[in-house]
Amino acid sequence: MPLFSALRYRNYQLFISGQAMSNVGNMVHQVAITWLAYTLTDSVFLLSVVAFSKQFATFLSGLGAGVIADRFNKQRLLQYAHGLIGANTLLLALLTSQELVGVAGLIAFQITLGLCKGMEMPSRQAFVNDLITDKQYLTNAIALNSTVFNTARVVGPAVAGMLIPWVGEAFCFLIYGLMSLVIIGFFFFIRPETTTAKKAAFNFKSEFGEGVRYAVRFSPIRTSILLAAGMALFGVSFMVLLPVVAGDIFGRGSVVYGYMNSALGVGAITGGIFLANQNRVARLPKLIFGAAIIFSLGLAAISFSSVLAFTLVAIALIGLGRVIVFAGTNTLLQTISEDDKRGRVLSLYITGFMGSLTLGGLLVGAIADWIGVLPTLLIEGGMCLVLSLWYATQLKMILLRSTRQLHRLEIADARS
């Protein structure tokens, strides 16, 4: 399949253009707020508190966001969410420019932003399905989303690094705030071909419970969410340890840390491009398993390496494996979920990921303080390998039940 197949849809062109702007702006904002927090506090602990406040708020609001995504118009929800994000960030820019923001203020802005992000993410991810009428291009669309996101992870910090010493953090916040408002315009011109079905009455508790029961009882969804949550808990949290590896193992601090982030980005972009060229959903579980093995071995390899070039290759493989595991799981969940439950399934997937990532960062940091960084990385790789092998034992079931579900959904679409 050609790399940019999903771009044949005008709606998706508008969507991905807005996402490209949003992702770059978000990374500029993230670097700027991290740097501002550090300059205000000169405390690593308070720096972690500022980061944790956003992650935890995203986790909390994401729990019920899928019910909202399934119930209401996702396009409107995304416009409202980006409007709130823009207002939040523009106010932060104004207060920062006047030197009126302290640590408590940063935490408050991070909590507000996290709440908005948690509400926005399930709607954004489920909305892709509404833009792609031919589902053979869905994998390509989600993989392109991932590629754009990981490209922004390379471009955004570089832009922020140039802007902060030149014009300051407030200008970085201003950029993201304005971009968020512009993105509302992109959504205004999108004309999705599917809409959310009207329901008689809204009962949040009942509909949330229905989504949880559906995800738990349908084994391919349950297994996929558990794999993603486990890999986030034991694997993705390795990012917390990279600055220590750069400084203590290789003794070159920020320079090597920059190389490591670039290697991770290159691997992630490569993984996204590879996934974008896949057009058979039936292959996804096997690709996810292979990528999980690569991810696990890459983590373990870092713990044995004292050669920078080898470590960078291992980190690039981690980036490649990570994208295929999570973007592939996202695609699989979107494809096999029923239309009226897709938002809730994605909400459970996202909150499982975010909750595990938040807890994993704290857990990995505590273990590393106890036994050291390199043994911790080896344990992480081993735990992810165990998860990968468990997933392999479920492959036959996932393939069989997913194929049956796809067949049922195709029949339902044909009848409608």
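The values are calculated or read from the model by the stated rules, or taken from the named source; none is laboratory data. What you see is a predicted model; the values in this text were computed from it and never measured. Here the Cβ is made from the backbone with ideal geometry for all residues, glycine too, and neighbour counts use every protein chain on show. In case anyone asks, the SASA skips ligands and DNA or RNA and just uses the protein heavy atoms, side chains included. Shrake-Rupley method; radii C 1.70, N 1.55, O 1.52, S 1.80 Å.
Observations
- Yes/no for G168 being open to solvent by 10 Å² or more (accessible area, probe 1.4 Å) and at pLDDT below 80: no
- So T89, is it touching a Ser or Thr at 6+ places or on another chain (Cβ under 8 Å) and among the hydroxyl-bearing types (S, T, Y): yes
- Among (1) at pLDDT 80 or above; (2) assigned to a helix (DSSP H, G or I); (3) not acidic (D, E) - the single one A51 does not satisfy: (1)
Results for (1) of a type in the set (A, V, I, L, M, F, W, C); (2) not in a helix (DSSP H, G or I), shown as yes or no for each residue.
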| residue | (1), (2) |
| --- | --- |
| A69 | yes, no |
| T89 | no, no |
| L94 | yes, no |
| E99 | no, yes |
| P122 | no, no |
| V128 | yes, no |
| T139 | no, no |
| I142 | yes, no |
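Per-residue answers, yes or no, for (1) within 22 Å of the chain's Cα centre (by Cα); (2) at pLDDT below 90; (3) charged (D, E, K, R):
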position	(1), (2), (3)
I85	yes, no, no
I111	yes, no, no
K117	yes, no, yes
P122	yes, yes, no
A126	yes, yes, no
D130	yes, yes, yes
Q136	no, yes, no
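- Of the criteria (1) buried (at least 20 other Cβ atoms within 10 Å of the Cβ); (2) at positive phi; (3) of a type in the set (D, E, K, R), which one K117 fails: (2)
- Taken together, the residues in the range 170-189 that are over 24 Å from the mean Cα position of the chain (by Cα), of a type outside the set (G, A, S) and closer than 18 Å to A37 by Cα amount to 1.
- Residues that are of a type in the set (A, V, I, L, M, F, W, C) and either assigned to a helix (DSSP H, G or I) or open to solvent by less than 10 Å² (accessible area, probe 1.4 Å) (or both) within the range 200-221 comprise F204, F208, V212, A215, V216, I221, listed in sequence order.
- Among the conditions (1) modelled with pLDDT of 75 or more; (2) open to solvent by 30 Å² or more (accessible area, probe 1.4 Å); (3) within 30 Å of V67 (Cβ to Cβ), the only one that S224 does not satisfy is (2).
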